[in-house]
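Peer 1: Here's a structure for you.
The values are calculated or read from the model by the stated rules, or taken from the named source; none is laboratory data. This structure is a prediction, so every number in the text was calculated from the model and none was measured. Here Cβ is always computed from backbone atoms with ideal geometry, including for glycine, and neighbour counts include all displayed protein chains.
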Amino acid sequence: MYITMNRLITILANSQAHFINTARVAILIVMVWIGALKAFQYEADGIVPFVANSPFMSFFYTKKAPEYQAYKNPEGKTVQKNIDWHKQNRTYIFAYGLGAVIIVIGVLTFLGIWYAKTGLIGGLLTFGMSLVTLTFLITTPEVYVPKLDGDFPTPQYGFPYLSGAGRLVLKDVIMMASGLICAADCAKRILASMASNK
């Protein structure tokens, strides 16, 4: 058992570079998948509460929060009056642009496997994008369980009780850390290359 554990520790210690590349692949998968979904109506509708309440992004929309609450489409369902509202709000145009940006960031980070300078940019952009996403925990009311009255009032609501949307946002802490790890690895390789060229 002792020999096996030592061997495992040695393998893990010698595999750090490969695991950093695994992080790059993971970032690529998440970014391309999520970015591509922004081309679909249900995903574009789903990000409206985050964007509309964000001081960094709300200017992309024509309608002010909380007007969107009256025009929510249930996932997988199409209500034409809601679709029309979202078209006027520029919901879909913004989602297409955001999706493209997310895909580009994922690809840049992934290319860091071979191109350190490109990967450095991608890693820093992944960190920055995740940092902006995490601000939704402050600006978006929907990230916390709402207070419901009536026959069955909500016993736990508000901070720190994350809703499904809040739990999804909180996971960006991992993306933020992964972006920094990938950027740091690229920076190390750039410095090594500069030192060898002296």
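Peer 1: Quick one: which helices (runs of 4 or more DSSP H) lie wholly within the stretch 1-66 and hold at least 1 residues that are more than 26 Å from F127 (Cα to Cα)?
Peer 2: 2-14, 41-46
Peer 1: Which one of these does D149 not meet: (1) in a loop (DSSP other than H, G, I, E, B); (2) modelled with pLDDT of 95 or more?
Peer 2: Unmet condition: (2).
Peer 1: Looking at the stretch 152-170, is at least one residue under 11 Å from the mean Cα position of the chain (by Cα) and either surrounded by fewer than 16 Cβ atoms within 10 Å (Cβ to Cβ) or under 30 Å from K117 (Cβ atoms) (or both)?
Peer 2: The answer is yes; a qualifying residue exists.
Residue-wise test of (1) of a type in the set (G, A, S); (2) more than 27 Å from E67 (Cβ to Cβ); (3) modelled with pLDDT under 95.
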| residue | (1), (2), (3) |
| --- | --- |
| I11 | no, yes, yes |
| H18 | no, yes, yes |
| L28 | no, yes, no |
| W33 | no, yes, no |
| K38 | no, no, no |
| Q41 | no, no, yes |
| G46 | yes, no, yes |
| P49 | no, no, no |
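Peer 1: Report, by residue number, each residue of the stretch 69-92 that is loosely packed, with under 11 Cβ neighbours inside 10 Å, farther than 11 Å from Y42 by Cβ and either small (G, A, S) or within 25 Å of the chain's Cα centre (by Cα) (or both).
Peer 2: Correct list: A70 only.
Peer 1: Now for a separate question. Suppose we keep only residues that are in a helix (DSSP H, G or I) and among the aliphatic types (A, V, I, L, M) within the stretch 70-87. Which one would you say is nearest to E142 (Cα to Cα)?
Peer 2: So, considering only residues that are in a helix (DSSP H, G or I) and among the aliphatic types (A, V, I, L, M), the one nearest to E142 (Cα to Cα) is A70.
Peer 1: Does G123 satisfy the criteria of being assigned to a helix (DSSP H, G or I), in contact with a strand residue (DSSP E or B) (Cβ under 7 Å, 6 or more places away or on another chain) and of a type outside the set (S, T, N, Q)?
Peer 2: no
Yes or no, residue by residue, for (1) among the charged types (D, E, K, R); (2) under 16 Å from G35 (Cβ atoms); (3) surrounded by 15 or more Cβ atoms within 10 Å (Cβ to Cβ):
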{"residue": "G122", "(1), (2), (3)": "no, yes, yes"}
{"residue": "F136", "(1), (2), (3)": "no, no, yes"}
{"residue": "T139", "(1), (2), (3)": "no, no, yes"}
{"residue": "A183", "(1), (2), (3)": "no, no, yes"}
{"residue": "K188", "(1), (2), (3)": "yes, no, no"}
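Peer 1: Among the listed residues T154, T118, T133, which satisfies the condition of being among the β-branched types (V, I, T), modelled with pLDDT under 95 and either in a loop (DSSP other than H, G, I, E, B) or at negative phi (or both)?
Peer 2: T154
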